[in-house]
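The values are calculated or read from the model by the stated rules, or taken from the named source; none is laboratory data. The structure displayed is predicted, hence computed values, not measured ones. In this analysis, Cβ positions are derived from the backbone assuming ideal geometry, glycine residues included, and neighbour counts consider all displayed protein chains. Surface areas here come from the heavy atoms of the whole protein model, side chains and all, with no ligands, DNA or RNA. Shrake-Rupley method; radii C 1.70, N 1.55, O 1.52, S 1.80 Å.
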Amino acid sequence: MKQTILLCLIIITGGSNFRLPAQNKLTVHADEGKSSISKHIYGHFSEHLGHCIYGGYWVGEDSAIPNTRGIRNDVVKALKDIRIPNLRWPGGCFADEYHWMDGIGARDQRPKMVNTHWGGVTEDNSFGTHEFLDLCEQLECEPYISGNLGSGSAEEMSKWVEYITFDGESPMSNLRKQNGRENPWKVKFWGVGNESWGCGGNMTPDYYSDLYRRYATYCRNYGNNRLYKIACGANESDYNWTETLMKNVGNRMQGLSLHYYTIPSGNWGKKGSATQFDENEYFATIERTLYMEELLTKHSTIMDRYDPQKRIGLITDEWGIWTDVEPNTNSGFLYQQNSLRDAILAGINLNIFNAHCDRVKMANIAQTVNVLQAVILTDKEKMLLTPTYWVYYLYKVHQDATLLPVSFICNKYEWNGKKMDAVSVSASKDAAGKIHITLVNIDPNKVQTIETDLRGATVKKVSGKILTSAKINDCNTFENPNTVSVKEFNDAKLSGGKLNIPLPAKSVVMLEIE
Ligand code: AHR
């Protein structure tokens, strides 16, 4: 009798290990969307650091590299192709040592300074306010300026706002006109200090709160320009910082930031290589990436207590993988390669931000070109698009779309006795009614097939795109720039009213459903 039962089980399961085949079951509630995914979740961050600004964007008007008023055309085009919604500048740590008046007027007369944070190099200030705002105009994106609260005065910050946005007769607007810009610019996003708990002044949250209140008072709304003021928020899990800011500052800010970087080894002293890692380190890196979910949940819970109507945005304005620098490069320049692992990590993070879009109103990956988890690398006249770039390319469909709730029963990716969900998912509906699902198969070894129920939608057509490669540490180089790039994905099939999606191992997939 016992033997008969055993035989039946083998026949039913089609295998010899007595386990029912695992099933991923996804339900997309296509008619239940409520919150909008702000396009600003797909924002970027660029600092005066290494070759991000200089060489990355700015080559100067006399350069042989094709440029418009000194700004590289290839980089501008690539970023427009992913619909970059905003760009944060000039730092980072650099912002709290930056004196904006050194970066205006005739370039050859601008004072120089030492970039003490990043390699101790001389900064000649040739890229300043006018150049940055010209860059944003070329990119057709919104500027996000980080003001200097750490070493600058309230007067200096106040005058910067006046210089940029005042549309009347005033000392600062006259100076702007003398420098060649008649009309004011529009600037919405304004940071009042960066990492004030660290490189921005090593302050306590109470002391910073008071300073924020003082500095923000003098950041005026001129004409119809309305500032969206962003206070310096917590470092990772410093929940006390969030609590204090919400209590002391409250509605005087429109946004509160959060910084969290994924360090593969978890050790800032020896972070791990961008390209040489084993599955152990891969698993640990993804575990650390998933920690973003906990951080957003816990910071949001605190914010909810003070701001149940969610008026204040949680602004994750620095995130991404931070590895050791590439061998033989300046350790202060934070230049790192970018592999398929980083694309997986970006896909997971963006899915998490989407899921929290009722509170997370902006996120900025660090840093756009040549620094940390860059989407673009340049080498003089050459430019390449990293695997992370292609995730932004796939995910741009979510910008300003309505988040669709999902229910997901998911297989596990197991490694060394530990496990995590094998797939990360996000779904949205755009203004034209198209549904987009982004899926990340985190498992580097196994296909994950997902049975998908699109509840409340009639499916006529499905198309897709995929990002994957042979090895998890594959990357694009100047010699082989297309190793990891996007291809068509036509394997999602409708059957019995359900969509069957066989997700290849270590892949990021975007499906469009009409
Ligand atoms: O992105 C690099 C640095 O990381 C930024 O300058 C700083 O804000 C953070 O510590």
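A few comments on the model shown:
- Positive-end ranking of Val406, Thr438, Val462 along the dipole of region 388-514, with charges on Cβ about the Cα centre, is headed by Val406.
- Annotation: peptides 230-240, 258-268, ranked by per-residue average of other Cβ atoms within 10 Å with the highest first, follow the order 230-240, 258-268.
- In region 83-174, the convex hull through the Cα atoms has an average projected area of 6.6 nm², a quarter of its surface area.
- Between region 240-297 and region 480-494, the alpha-carbon centres lie 30 Å apart.
- At 1.306 mPa s and 10 °C, Stokes diffusion of region 458-513 via Kirkwood alpha-carbon radius, µm² per second: 125
- Over the chain, dividing the summed -39,500 (n - 2.57) contributions of all DSSP H runs of at least 4 residues by the number of residues returns a 222 nm mean residue ellipticity of -8000 deg cm²/dmol.
- At q = 0.06, 0.12 Å⁻¹, base-10 log of I(q)/I(0) for the chain (Debye sum, equal scatterers on each alpha carbon): -0.29, -1.12
- Kirkwood estimate for region 295-429, i.e. one over the average of 1/r between Cα atoms, Å: 16.9
- For region 170-232 and region 73-152, distance of Cα centres in Å: 15
- Dipole magnitude of region 349-497 about its Cα centre (Cβ charges: Lys, Arg +1; Asp, Glu -1), debye to nearest 20: 260
- Per residue convex hull volume, Cα atoms of region 64-107, in Å³: 117
- Note on region 220-298: Kirkwood radius taken over Cα pairs, Stokes-Einstein applied at 20 °C and 1.002 mPa s, translational D equal to 142 µm² s⁻¹.
- Intensity falloff of region 153-246 expressed as log10 I(q)/I(0), Debye formula with alpha-carbon point scatterers, at q = 0.19, 0.23, 0.24 Å⁻¹: -0.86, -1.08, -1.14
- Relative contact order of the chain, taken over Cα pairs closer than 8 Å and 6 or more residues apart, is 19 percent.
- Fully extended contour minus Cα-Cα distance, from Asn280 to Thr297, at 0.36 nm per residue: 3.4 nm
- Cα-centre dipole for the chain with unit charges at Cβ (Lys and Arg positive, Asp and Glu negative), debye to 20: 1500
- The magnitude of the dipole of region 406-451, with charges of +1 and -1 set on the Cβ of Lys/Arg and Asp/Glu and taken from the Cα centre, is near 60 debye.
- Pairs of Cα atoms farther than 19 Å apart, region 258-308, %: 40
- Apportionment of accessible area to carbon and sulfur, the chain, percent (1.4 Å): 49
- For peptides 186-195, 308-317, 339-348, 68-77, sequence by mean Cβ density within 10 Å, most packed first: 339-348, 186-195, 308-317, 68-77
- P(r) histogram, all alpha-carbon pairs of region 31-149 included - 10 Å bins from 0, percent: 13, 43, 31, 8, 3, 1
- For q = 0.14, 0.15, 0.16, 0.20 Å⁻¹, Debye-computed log10 I/I(0) when each Cα of region 398-453 counts as one equal scatterer: -0.46, -0.52, -0.57, -0.77
- Equivalent ellipsoid dimensions for region 391-513 as semi-axes, Å, which come from the Cα gyration tensor, largest first: 24, 19, 13
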